[in-house]
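All remarks here apply to the structure that follows.
The values are calculated or read from the model by the stated rules, or taken from the named source; none is laboratory data. Predicted model only: the values in this text are computed from it and were never measured. Counting neighbours? That spans all protein chains shown, and the Cβs are built from the backbone with ideal geometry, glycine included.
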Amino acid sequence: MVNKHYPAQFKADAVALYRSRPGATIASIADDLGINRETLRSWVRADDQQRGTGGPPRASAVGQAPASVEDENAELRRRVRELEEERDILRKAARYFAGETRW
């Protein structure tokens, strides 16, 4: 069994991706990134301990109607930022794993 060493930025990005997707599971994120599920779980736990929280912050207002157009716009802008962050993390992961492959 090979122990892989991931860059600190990759670990932080993976944890941020997990936290930014309220409906996602550790398993689905780990599979998307091509890493072991327990590896990602340990990174999330370490981040929780570093932050001093008991668990990951999850979205509480999923599915609720916005109170006004301004609130809806703010929510949509937040969602766009999340999606852009996810896209960037996946691009970085793809670059990382492409560089790791030696045929």
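Scanning the stretch 70-84 for residues that are out of contact with any helix residue (DSSP H, G or I) (no Cβ under 6 Å at 6 or more places or on another chain) and acidic (Asp, Glu), which turns out nearest to Val15 (Cα to Cα)? Top of the filtered list is Glu84. When Gln50 is tested against (1) of a type in the set (S, T, N, Q); (2) modelled with pLDDT of 85 or more; (3) surrounded by 10 or more Cβ atoms within 10 Å (Cβ to Cβ), exactly one condition is not met: (3). For the list (1) surrounded by 12 or more Cβ atoms within 10 Å (Cβ to Cβ); (2) assigned to a helix (DSSP H, G or I); (3) at pLDDT 90 or above, I need the number of the one condition that Ile35 fails. Every condition holds for Ile35 apart from (2).
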